[in-house]
Amino acid sequence: MTALSQEKRQEIMALEPRLLDWANRMTRDANEAQALVQETLAAARALAMTASDEVGAEVWVFRLLRQQFHSLERDRHHRRAVSAFTTDQTYARKRSQLALAASAEARATDV
């Protein structure tokens, strides 16, 4: 891994308005888009561009933005799935408890 040159860093930072526009289209939420762009720029500054000479900084950063977006979407989907599973289990547990309580109450009134 090689560090980004100052010229490449400036080139990447100059892309911020276009990245923000693209992120807004993907997320449809201004706050999420801003956070996504900031994460992408931080990642771009932290990572060395392995294919920067062949592909170009612009293509690399936009690809990074898209990957960051898909990663966030996968995480969001996973959280929803876990939340739904937990909610279903909680509902089933409460329903079972209510059934047991109703059964015990019915037995008590039968005696």
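The values are calculated or read from the model by the stated rules, or taken from the named source; none is laboratory data. Remember, predicted model here, so these are calculated numbers, not experimental data. When we count neighbours, we look across all protein chains shown, and the Cβ atoms used for this are built from the backbone with ideal geometry, even at glycine.
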Mind counting the residues in region 58-73 that are under 11 Å from the mean Cα position of the chain (by Cα) and either outside any helix (DSSP H, G or I) or not aliphatic (A, V, I, L, M) (or both)?
6
Ala106 touching a helix residue (DSSP H, G or I) at 6+ places or on another chain (Cβ under 7 Å) and either at pLDDT below 90 or not in a helix (DSSP H, G or I) (or both)
no
Here are some conditions: (1) modelled with pLDDT of 80 or more; (2) of a type in the set (A, V, I, L, M, F, W, C); (3) assigned to a loop (DSSP other than H, G, I, E, B). Met49 meets all but one. Which one does it not meet?
(1)
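Results for (1) more than 20 Å from Glu73 (Cβ to Cβ); (2) modelled with pLDDT of 80 or more, shown as yes or no for each residue.
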| residue | (1), (2) |
| --- | --- |
| Gln6 | yes, no |
| Leu15 | yes, yes |
| Arg18 | yes, yes |
| Ala23 | no, yes |
| Ala30 | no, yes |
| Ala33 | no, yes |
| Gln38 | no, yes |
| Arg45 | yes, yes |
| Trp60 | yes, yes |
